[in-house]
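The values are calculated or read from the model by the stated rules, or taken from the named source; none is laboratory data. These numbers were taken from a predicted model, which means no experiment stands behind them. Here Cβ is always computed from backbone atoms with ideal geometry, including for glycine, and neighbour counts include all displayed protein chains. SASA here: full protein model, heavy atoms, side chains in, ligands and nucleic acids out. Shrake-Rupley method; radii C 1.70, N 1.55, O 1.52, S 1.80 Å.
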Amino acid sequence: MSTYTLPNEKGHFGIYGGKFVPETLMKAVTELNEAYNEAKNDPEFQAEIDRLLKEYVGRETPLYFAENLTKHAGGANIYLKREDLNHTGAHKINNAIGQALLAVRMGKRKIVAETGAGQHGVATATVCALLNLDCIIFMGEEDIRRQALNVYRMELLGAKVVSVTSGSATLKDAVNEALRYWVANVDDTHYLLGSVSGPHPFPVIVRDFQSVIGMETKQQFLARNGSLPHAVVACIGGGSNAMGMFYPFIDDEEVKLFGVEAAGHGVDTPFHAASLTKGRPGVLHGALMYVLQNEDGQIQEAHSISAGLDYPGVGPEHSYLKDSGRASYHSITDKEALDAFQLLSKLEGIIPALESSHAVAFAVKLAGQLGAGQNIVVCLSGRGDKDVDAVKSRLKGGSGK
Amino acid sequence: MNRIEQAFQQLNKENKKAFVPYIMAGDGGLENLPERLALLEKFGATAIEVGVPFSDPVADGPTIQRAGIRALQNGTSLKGIIKEITKARESVTIPIILMTYLNPVYSYGIETFVRDVQTAGVAGCIIPDLPVDEEAIIAPLLEQAEVELIRLVTLTTPIERIREISNKGKGFLYTVTVKGITGTRNEFGNELHSFLQAVKEVSPIPVLAGFGISSQEQIKEITKYCDGVVVGSKIVEYFANNQLEEMEEFMTIYKQTFA
């Protein structure tokens, strides 16, 4: 069995990844890479992260056997890795804590970040409040409308939220503006990127900080069952919770890795966010990766009921894992995700984020296919409180997107 | 010797500085591109940067972003732009340099792109999201085709790296004069002057300054320290507002400065 060591020193995962950024940012990404490599091997830095994850975030998060959902699905056992129980309600804080401590270590006390659903923005604003850092969050106008509560949360936490009206006014455009802001303020500002995308070393940094999800899952599952699960399942926008879940399992080839993209209205309509299923390799936001684009190489708008999955690219490492066949990628429509949102609420008393509902919907299908005696772990990446209004207006016949 | 080197040799003889305007292809209709290029040559441009619109132009400010959106709404494609440049070359003799983000090129197919721009008579390419660390993806093919890859350095680039970058090219070195994106700026600091001087010292090729340059005063000041300027947003605005006389005036006074 070979040991997985990607990316190479240039940040390439096969043909994917790299540093496709304006020259103005090259010094910053190079310094970030050096600072991260140094910090990674510093026991004091790691100990500080571990302390905050335990005392502030509330880790470790439980691995929960969803017995009612398992019975309903009628096949494999379904376990939920409860990232929804983290402080701020999603996995995003795992990465925010790590990167904010890294920024402080680099002497940068200003943070800029993008956010889609607002979960990464809230996590970033939270950590900035804790560490007394200036925080500016770029968020698409459309997402601000869909996630008004998270906008107010960020403001309460002391962050400045800037509405982005360019392009499709969603996550992709928020990343553009955050990058532009970083280009202009690179001396004293750290860009706290929220997903396993962007230029090297971001895909590595975010993966490593999120890997706590997969490492805990592995230990917890082994302790409970004396074996590894047969499959792990996670939803994918940019792909950070999935990469955090997958990475510790990559060398365990008997564990199947399933990523679930948003099919929106359906992958054969123009309204979806299934970059791996329907996109092709291209360069966006600093990395070569699968991208939704037209025949002229113009990036297309992504569509999903879930703001956090509404991104037309997907991290370079997922792009590589797809081509290599180590992970397989599937998609779930808005409607299927809404059904799963209600299903998990009713059966288990757990209201999942719409993002995570995609993973739940796929796991229910997969459980039937795998059959009894098999074990699936779903990364329940976030809780659904933020989505309750949007789901209500959609289900009660409102015009919510 | 390629067309860019020839153009700079000529300027040198005449003791002049370079003026390189930027134009967004397809803004105002792609069919107008050859005519606009001819006009810029007539007004005294040394070379012209032809911008390819892209949906996600992270290095550009609001003016060029909006021009790009208008161009895309007009149905502008890289293929169409290359076709119009081919036509324009019948009358335009100064070097045409294509400025494009990497993805339209990657999508076009890198080998096909290099072949087609060579055939069209494009003298050089600027790819703002392709740092030298990643340029192996296209640089060897461009070199073979004798299409110059114009590389950028910025205020954040360490001097040793500037030396390394400037020694790779044969056209000119594009020096980004602001920490930021393209667009209008009011003033440049002293930091810029010493920076440009340092770049001039290490660079074996001509040094042009660009990003944020929009007035004749700025141009006069900056060209004390370098070989010329690239002017983008200002020219894009002149075309968008159909202020051709003002543009001619802007470029004429510039010419007088160094005549």
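Below, the figures for the structure above:
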| read-out | value |
| --- | --- |
| Qualifying residue in segment A:232-246 (condition: part of a loop (DSSP other than H, G, I, E, B) and farther than 21 Å from A:Gly140 by Cα) | no |
| Which listed residue, of B:Gly75, B:Gly80, is open to solvent by 10 Å² or more (accessible area, probe 1.4 Å) and in a helix (DSSP H, G or I) | B:Gly80 |
| Selection status of B:Glu187, modelled with pLDDT under 95 and out of contact with any helix residue (DSSP H, G or I) (no Cβ under 7 Å at 6 or more places or on another chain) | yes |
| Residue identified as among the small types (Gly, Ala, Ser), more than 16 Å from the chain's Cα centre (by Cα) and at pLDDT below 95 among A:Ala390, A:Ala340, A:Ala372 | A:Ala390 |
| Qualifying positions in segment A:187-204 - farther than 17 Å from A:Gly121 by Cβ, within 14 Å of chain B (Cβ to nearest Cβ) and either touching a Cys at 6+ places or on another chain (Cβ under 8 Å) or crowded, with 24+ Cβ neighbours inside 10 Å (or both) | A:Pro199, A:His200 |
| Qualifying residue in segment B:135-150 (condition: in a helix (DSSP H, G or I), over 18 Å from B:Val50 (Cβ atoms) and among the β-branched types (Val, Ile, Thr)) | yes |
| Residues satisfying the stated conditions in segment A:287-316, i.e. facing chain B (nearest Cβ under 7 Å) and of a type in the set (Val, Ile, Thr) | A:Ile299 |
| Counted residues, segment A:271-281 - those being open to solvent by 10 Å² or more (accessible area, probe 1.4 Å) and within 14 Å of chain B (Cβ to nearest Cβ) | 3 |
| Where a residue in segment A:8-19 is farther than 17 Å from B:Asn103 by Cα and open to solvent by 50 Å² or more (accessible area, probe 1.4 Å) and its partner, wherever it lies, is part of a loop (DSSP other than H, G, I, E, B) and at pLDDT 95 or above, with Cβ under 9 Å and at least six apart | A:Lys10/A:Gly18; A:Lys10/A:Lys19; A:Lys10/A:His200 |
| Qualifying residue in segment A:253-270 (condition: within 14 Å of chain B (Cβ to nearest Cβ) and under 25 Å from B:Pro57 (Cα atoms)) | no |
| Any chance A:Leu284 is open to solvent by less than 30 Å² (accessible area, probe 1.4 Å), more than 8 Å from chain B (Cβ to nearest Cβ) and more than 16 Å from the chain's Cα centre (by Cα) | no |
| Residue in segment A:310-322 that is surrounded by fewer than 24 Cβ atoms within 10 Å (Cβ to Cβ) and touching a residue at least 12 places away in the same chain (Cβ under 8 Å) present | yes |
| Considering residues of segment A:20-49 that are within 12 Å of another protein chain (Cβ to nearest Cβ) and open to solvent by 60 Å² or more (accessible area, probe 1.4 Å) only, the residue farthest from A:Met106 (Cα to Cα) | A:Lys27 |
| Residues within segment A:231-268 that are among the aromatic types (Phe, Trp, Tyr) and open to solvent by 10 Å² or more (accessible area, probe 1.4 Å), tallied | 2 |
| Members of segment B:151-170 that are under 20 Å from the mean Cα position of the chain (by Cα) and either among the aliphatic types (A, V, I, L, M) or in a strand (DSSP E or B) (or both) | B:Arg151, B:Leu152, B:Val153, B:Thr154, B:Leu155, B:Ile162, B:Ile165 |
| From the options A:Lys386, A:Lys365, residue that is in a helix (DSSP H, G or I) and open to solvent by 60 Å² or more (accessible area, probe 1.4 Å) | A:Lys365 |
